[in-house]
Ligand code: NAD
Ligand code: UDP
């Protein structure tokens, strides 16, 4: 049995990862500052002998004996990472620096939750890991994009200088139960709006694309990457690509096809297209997503229905 530290463990992805680790019989320490995480995401484990909870901010150092560090702490939704962009940059840079320092001291392996945002507004489609990206270093998304880029740099320099074992996952848009109602990302926004009977907000003309991965597939990919021999960076995501308008239509069809769409201004630097090339993950880990958008939307909608306490067939 290994001791796992999950930073950002009370958040969306972190809490699903903790469920998988706990179900596998591992010992888990969840570390979070609760900026976008919630105790209710991990409350089933509170009091369990193999589970510990630490309120801590990764921008401060911490000393703790662990074998594996899953470094997920960082707000992921544009509205949250833009709320205090300097803090976001600090979390990515100093937070990753602190966690790599810890990994070096205790000989732990560290997995960084990086992002498709390192490719910026990509000129190559789909995006392979070899693509170096097209990131605006001074725009409103830069605190996150450049933060993750320096976090990746730190991982590889700690590996070269200090032989720290690192794993770098470039995660593409992932969705599922436990996203916040006010998370601001497109899947949760559309579902919450549709369940409330409100118009769905399309930013720009809705022709921009994203590729949506269901959370269970993503967690499976993270587990394989951490357990395997490949450092990465490795794309993890579902290559099925949809325009934002297509996503809105799928959500409307399932909840209330009569709902209108309204266009809102496209935020600056919003990437036009995004689709992972997952050839590396397929070959190296034998991993590929198994849950289609159609399949994943069902449990996601149900979870928001429960959160909003709406009757099951309210809008059908
Ligand atoms: P989330 O906002 O639900 O989770 C982030 C967690 O980190 C929260 O619990 C938050 O409270 C915590 N946190 C933030 N700053 C912290 C700090 N300074 N110290 C300690 N804890 C802190 O987001 P998520 O979707 O679960 O994303 C988790 C990780 O995966 C992030 O690093 C994100 O960049 C990365 N990622 C996610 C996606 C996605 O589609 N979900 C895509 C690419 C990358
Ligand atoms: N988007 C939208 N309506 C919303 C929220 C987002 O049209 O209510 C768009 C957003 O402009 C972007 C895409 O959906 O083009 C994905 O946005 P999200 O914030 O989910 O993720 P990211 O842009 O970081 O990939």
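A short reminder: the numbers here are calculations on the coordinates, not readings from a lab. Note that the structure is a prediction, hence the values are computed from the model and not measured. Neighbour counts are summed over all protein chains in view; Cβ atoms, including those assigned to glycine, are modelled from backbone coordinates with ideal geometry.
General remarks:
- The set of residues in the range 122-168 that are surrounded by fewer than 22 Cβ atoms within 10 Å (Cβ to Cβ) and closer than 19 Å to residue 239 by Cβ comprises 122, 123, 124, 125, 126, 128, 129, 130, 131, 133.
- Residue within the range 283-294 that is over 26 Å from residue 70 (Cβ atoms) and away from ligand 2 (no atom under 16 Å from the Cβ) present: yes
- The single condition among (1) closer than 24 Å to residue 113 by Cβ; (2) in contact with a helix residue (DSSP H, G or I) (Cβ under 6 Å, 6 or more places away or on another chain); (3) more than 12 Å from ligand 1 (Cβ to nearest atom) that residue 200 does not satisfy is (1).
The rows are residues; the columns are (1) away from ligand 1 (no atom under 13 Å from the Cβ); (2) in contact (Cβ under 8 Å) with a residue 60 or more places away in the chain.
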position	(1), (2)
123	yes, no
145	no, no
160	yes, no
181	no, yes
195	yes, yes
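- Count of the range 257-283 residues which are farther than 25 Å from residue 177 by Cα, in contact with a strand residue (DSSP E or B) (Cβ under 7 Å, 6 or more places away or on another chain) and part of a helix (DSSP H, G or I): 1
- Flag not set for residue 104, criterion: closer than 19 Å to residue 231 by Cβ, in contact with a strand residue (DSSP E or B) (Cβ under 6 Å, 6 or more places away or on another chain) and away from ligand 1 (no atom under 11 Å from the Cβ).
- Contacts under 7 angstrom Cβ, first residue in the range 8-24 being in contact (Cβ under 8 Å) with a residue 12 or more places away in the chain and closer than 13 Å to residue 216 by Cβ, partner in a helix (DSSP H, G or I) and within 16 Å of ligand 2 (Cβ to nearest atom), 6 or more apart: 13/215; 13/218; 16/215
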